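To start, the structure itself, in structure tokens.
The values are calculated or read from the model by the stated rules, or taken from the named source; none is laboratory data. This structure is a prediction, so every number in the text was calculated from the model and none was measured. Note that each Cβ is placed from the backbone with ideal geometry, even for glycine, and that neighbours are counted across all protein chains shown. Surface accessibility is based on the protein's heavy atoms, side chains included, excluding ligands, DNA and RNA. Shrake-Rupley method; radii C 1.70, N 1.55, O 1.52, S 1.80 Å.
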Amino acid sequence: MESSKQAYFAASKLLTEQVKVILVGCGGTGAHVLTIMGNMDFSLKAMGHPGFHVEVFDFDKVEPFNVGRQPFYPADVGHHKGKVLVNRINALYGTGWRFHPERFPGKTMVRDVDLVVGCVDTRKSRREIHSYLQSRWGSTLWLDMGNKATTGQVVLGEFSHKAVAGVLEDGRLPVVTELFPDILNASIPDDPDVPSCSMREALTKQALLINREVANQGMAIL
């Protein structure tokens, strides 16, 4: 993975107020991200910060081949991924995080948001996050994570309506759809998504720890 260093100063309220987070996708990377955010939330509170409030959007259920690659156990198979992890974190840490078994953005509208964390696989899903941010007033941080078989990338940016209108802003980090504008081109197809029906087959298509590594890098930036 390659990284670039650039000074960025987030809104000062994020240092003193609870950070409102939407997590889109609770699969290979998102499941690890959510688990780490539980650790971070507990640590932040120990340091006097109010921590996170997280709203999770994911409609997938745990499949047998997810066990081992993702932080799920055999008893979790058949249950919604987000529900399993949110309930686990709430029980362990006493948080009040919420899960929505629907595609983002779904029927549930979350209006008070500081950060959107996208752990999605497709251009379409990124376009939906882009459209959601475009529909909101003000600026919102967007942390996008993605990976292939053995590589991954993490992009933290600040969505700005001025940037969409073509106005340059000093000191603002660009979002993933600015760095890779082809994402917004609906005529470009996504890579075919071929599900793996076994742990062995899954490992032949993707390295065991790539999702966890991408999640670690993204959370390190956060």
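A few comments on the model shown:
- Dipole moment magnitude, nearest 20 debye, the stretch 44-155 about Cα centre, only Lys, Arg, Asp, Glu C-beta charged: 140 debye
- Summarised as an ellipsoid, the stretch 1-97 has semi-axes of 27, 17, 11 Å, derived from the eigenvalues of the Cα gyration tensor scaled by 5 and square-rooted, with the largest first.
- Modelled FRET efficiency - R0 35 Å, PHE42 with SER187, Cβ distances, 0.05 increments: 0.20
- Working note: Debye formula, equal point scatterers on the alpha-carbon atoms of the stretch 100-144, no solvent; log10 I(q)/I(0) at q = 0.19, 0.32, 0.34 Å⁻¹ is -0.58, -1.50, -1.52.
- Positive minus negative residues near ASP58 (Lys, Arg vs Asp, Glu; Cβ under 10 Å): +2
- Inter-probe distance in nm under a simple model that places probes 7 Å from Cα toward Cβ, at ARG127 and ALA75: 4.3 nm
- Against the empirical curve 2.2 N^0.38 Å, the C-alpha radius of gyration of the chain lands at a ratio of 1.00.
- On a per residue basis, the convex hull of the C-alpha atoms belonging to the stretch 57-151 measures out at 129 Å³.
- Apportionment of accessible area to carbon and sulfur, the chain, percent (1.4 Å): 55 percent
- Note that the chain presents 55 Å² accessible area per residue, ligands and nucleic acids not counted, probe 1.4 Å.
- Here the stretch 1-91 is assigned +1 on the Cβ of each Lys and Arg and -1 on the Cβ of each Asp and Glu. Its dipole about the Cα centre then comes out at about 140 debye.
- Residue range of the chain that is longest and free of chymotrypsin sites (Phe, Trp or Tyr not before Pro) which are both DSSP loop and sparsely packed (at most 16 other C-beta within 10 Å): 138-222
- When restricted to Cα atoms, the stretch 54-103 yields an Rg and a Dmax of 10.7, 30 Å, respectively.
- Of the trypsin sites (Lys or Arg not before Pro) in the stretch 98-131, those whose Cβ has at most 16 other Cβ within 10 Å and which sit in DSSP loop: ARG103, LYS107, ARG111
- Considering only PHE9, GLY78, LEU44, the residue lying farthest towards the positive end of the dipole of the chain is GLY78, judged by Cα position with unit charges set on Cβ.
- Dipole size of the chain about its Cα centre, with +1 on Lys/Arg Cβ and -1 on Asp/Glu Cβ: approximately 380 debye, rounded to the nearest 20.
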